[in-house]
Amino acid sequence: MESLQFVALHSPIRHSLSKRTVSLPPAHLLAVVFRRRRGSDGGTRWWGPKACAVEVSEGGKMVMELVGAFNELTERMNVLSTSSSRILFKCLKLSIPILQASPLSPDGRSPLSKALSVAMLLADLQMDAEVISAGILREVLEAGQLSIHEIRNQIGLPTAHLLHESLRVNNIPSRIDVVDDDNAAALRKFCLTYYDIRALILDLALKLDTMRHLDYLPRYQQQILSLQVMKIHAPLAHAVGTTYLSLELEDLSFQYLFPYSYLYVDSWLRSHETGGVSLIDIYKEELLQTLKADPLLSELVDDVSVKGRYKSRYSTMKKLLKDGRKPEEVNDVLGMRVILTPRAGENTSEAGKRACYRSYQIIQSMWKEIPYRTKDYIARPKGNGYKSLHMAVDVSENGKIRPLMEIQIRTTEMDRLAVGGTAAHSLYKAGLTDPEEAKRLKTIMLAAAELAALRLKDFPGTSHKGIEIDQRDRVFRLLDKNGDGKISIEELTEVMEELGAPGEDAREMMQLLDSNNDGSLSSDEFHMFQEQVELVRNLEARDDQYKKILDEKLRMPDESGLIQVYNKEFGNRLAS
């Protein structure tokens, strides 16, 4: 086991460290202890790390993983009740020791890393704790360490049910021999009609995670899986309202099915970047600042937001191939959506309409409008009640031709209704030929989500500030089982034993974190530990980002094989 060396600091940690040396350990073993000193003003301040040589036990590393994973997941979730917190925390305690001891997945990742990647995807989709826990436990099932029956006993029936349903959905493609359009449409309708919608979304997240790491498979298997995803899963993702899942599934499938075509389209879209910054990011910021600076618009609205997106590579290819279009004729490669929050009052609806038309005028002054592309669905709403202003503008400049940019302008209420209408329309496109059937299914989908929220008591309404405070204390309260405001050695030992670590690890960790030597951990002491865990996770995430960038920029033949040898040795050191 490695010893971690820290050089004591004799100035508050807010001061510059440029004149002092801190010997940092490997990121996954980092543990820093802070000591408190009474300031001259009588207040308590945190000062630098104690000079120490510390051995971090396996149990300590698992607690760091537990706290870090729980905090990162819950930070991504908008609402999280006490019951949801307990389910998620219990799931992580059960899964982490099993997955850390399991062999690498076929794609070369650790099972724990794979499980947490799926969990983060589900958290970003604002799925509830039962779905996220099922996403983690799918990897435990794959490892063969627990059965669904055991998961039901330890975690709960709803999570076990979701796991069972997701396994059934996963077997759907095996029901047909040929993935043609008719068979794919029939399977999509079957999935939407007979499966728990949350299990369907879980399976889609698992599929996306698989598609992101498909390089290890032979070319033939990559193509077969990509064809299934393109025909079945991407349309399903669109149908259940997870649009960004749908777009990424399409693009990844496109990349494996037609690699050269993908390369051409990708290169063409990248050619519109300026200094490595996408046009979307440039125009989004320019539009947002211009709208916020307008005094007339400010009188009508409380808030303005601008969302931007590139058309997916796959959709762009379809547009380029359709009717022999030229690249400049593909008019929605760039897309913006302006969402306005009108000021509250008696005439909120009227103020919202006026704000939309004022935004339209501002955009006209910024870029050249394409008149035949303008559609006013506010004055003349669609039959399903859809309201929005649509326009297209030419953003070409300095003789450089760029694709037209499509802009939608609407209020928050219009956007809410548009999302609801789009969901029913998406179901219709995904395989349900009767629009009324699509509407009924959409109602059932929403009811299932509301039922889960009712059972878990996950309701929005807490202020953002309140959520942040609750987030800071959530893990501490889960570990402080008797609610006395501190984590005792007995409570820490219990957690360690649940993780499969010996009680000695708990005593070592207590000694490491207990800065005032009172034999327990206060909320301040535990919060400092959480900050160090977050630091470690950020370092590891940053390393992954750097690795990807350097891999792209420094691609060169490695005839000696030294890079592969180094990767293997380095990986073995980290795992030990």
Kindly provide the set of residues from the stretch 517-541 that are closer than 16 Å to Gly485 by Cβ and open to solvent by 50 Å² or more (accessible area, probe 1.4 Å), ordered by number. Asp518, Asp524
Take the stretch 505-522 and flag every residue that is farther than 22 Å from Leu94 by Cβ and in contact with a helix residue (DSSP H, G or I) (Cβ under 8 Å, 6 or more places away or on another chain). Arg507, Glu508, Met510, Leu512, Leu513, Asp514, Ser515, Asn516, Gly519, Ser520, Leu521
Among the numbered criteria (1) open to solvent by 30 Å² or more (accessible area, probe 1.4 Å); (2) over 20 Å from Ser85 (Cβ atoms); (3) at pLDDT below 90, which one does Gln126 miss? (2)
Does Thr348 satisfy the condition of being at pLDDT 90 or above, β-branched (Val, Ile, Thr) and either surrounded by fewer than 19 Cβ atoms within 10 Å (Cβ to Cβ) or not assigned by the TED database to the domain that holds Arg373 (or both)? no
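Could you tell me whether Gly431 is outside any loop (DSSP other than H, G, I, E, B), at pLDDT below 65 and open to solvent by less than 80 Å² (accessible area, probe 1.4 Å)? Break it down stepwise before answering.
Numbers: outside any loop (DSSP other than H, G, I, E, B): no; at pLDDT below 65: yes; open to solvent by less than 80 Å² (accessible area, probe 1.4 Å): yes.
Against the criterion (outside any loop (DSSP other than H, G, I, E, B), at pLDDT below 65 and open to solvent by less than 80 Å² (accessible area, probe 1.4 Å)), Gly431 does not qualify.
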Output for Cβ contacts, cut-off 6 Å, separation at least six or different chains, first residue more than 14 Å from Leu245 (Cα to Cα) and aliphatic (A, V, I, L, M) in the stretch 200-227, second crowded, with 16+ Cβ neighbours inside 10 Å and modelled with pLDDT of 90 or more, reads Leu214/Gln222
Would you check if there is a residue in the stretch 472-492 being acidic (Asp, Glu) and at pLDDT below 80? yes
Please return the ranges of helices (runs of 4 or more DSSP H) entirely within the stretch 210-293 where 3 or more residues are of a type outside the set (A, V, I, L, M, F, W, C) and not assigned by the TED database to the domain that holds Leu320. 219-228, 243-257, 259-270
Taking Arg402 as the residue in question, decide whether it is under 34 Å from the mean Cα position of the chain (by Cα), within 25 Å of Lys319 (Cβ to Cβ), among the charged types (D, E, K, R) and modelled with pLDDT of 90 or more. no
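Hey, among Arg402, Arg358, Arg410, which residue is in the same structural domain as Lys307 (by the TED database) and open to solvent by 30 Å² or more (accessible area, probe 1.4 Å)? So that I can check it myself, show each step before the final result.
Values: Arg402 fails: open to solvent by 30 Å² or more (accessible area, probe 1.4 Å); Arg410 fails: open to solvent by 30 Å² or more (accessible area, probe 1.4 Å).
Checking each option against the conditions leaves just Arg358.
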Scan the stretch 388-398 and give yes if some residue there is at pLDDT 90 or above and either open to solvent by 90 Å² or more (accessible area, probe 1.4 Å) or assigned by the TED database to the domain that holds His238 (or both), otherwise no. no
For the subset of the stretch 489-504 comprising residues that are small (Gly, Ala, Ser) and surrounded by fewer than 21 Cβ atoms within 10 Å (Cβ to Cβ), which member is nearest to Lys90 (Cα to Cα)? Gly500
Suppose we filter Leu112, Leu104, Leu116, Leu88 for residues that are without any contact (Cβ under 8 Å) to a residue 24 or more places away in the chain, touching a helix residue (DSSP H, G or I) at 6+ places or on another chain (Cβ under 9 Å) and not β-branched (Val, Ile, Thr); which single one remains? Leu104
Residue list for the stretch 71-107, restricted to those being under 23 Å from Gly144 (Cα atoms), open to solvent by 50 Å² or more (accessible area, probe 1.4 Å) and part of a loop (DSSP other than H, G, I, E, B): Ala101, Pro103, Leu104, Pro106
Just one of the numbered conditions (1) in contact with a Lys or Arg (Cβ under 8 Å, 6 or more places away or on another chain); (2) surrounded by 20 or more Cβ atoms within 10 Å (Cβ to Cβ); (3) part of a helix (DSSP H, G or I); (4) not assigned by the TED database to the domain that holds Ile197 is not true of Thr316; which one? (1)
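With surrounded by fewer than 16 Cβ atoms within 10 Å (Cβ to Cβ) and modelled with pLDDT under 85 as the only criterion, which of Gly324, Gly308 stands out?
Working: Gly308 fails: surrounded by fewer than 16 Cβ atoms within 10 Å (Cβ to Cβ).
After applying the criteria, what remains is Gly324.
Restricting to the stretch 483-505, name every residue that is closer than 17 Å to Ile96 by Cα and assigned to a helix (DSSP H, G or I). I'd like the intermediate steps shown before the answer.
Here is the first cut: in the stretch 483-505, the residues closer than 17 Å to Ile96 by Cα are 492-502, 505.
Scanning the stretch 483-505 gives Leu492, Thr493, Glu494, Val495, Met496, Glu497, Glu498, Asp505.
Could you identify the single residue in Ala234, Ala293, Ala239 that is out of contact with any strand residue (DSSP E or B) (no Cβ under 7 Å at 6 or more places or on another chain), farther than 16 Å from Ser315 by Cα and modelled with pLDDT of 85 or more? Write out each step before concluding.
Values: Ala234 fails: farther than 16 Å from Ser315 by Cα; Ala239 fails: modelled with pLDDT of 85 or more.
Of the residues listed, the single one that is out of contact with any strand residue (DSSP E or B) (no Cβ under 7 Å at 6 or more places or on another chain), farther than 16 Å from Ser315 by Cα and modelled with pLDDT of 85 or more is Ala293.
The values are calculated or read from the model by the stated rules, or taken from the named source; none is laboratory data. In this text, all values refer to a predicted model and were calculated from it rather than measured experimentally. Counting neighbours? That spans all protein chains shown, and the Cβs are built from the backbone with ideal geometry, glycine included. Quick note on the areas: whole protein, heavy atoms, side chains included, nothing else; ligands and nucleic acids left out. Shrake-Rupley method; radii C 1.70, N 1.55, O 1.52, S 1.80 Å.
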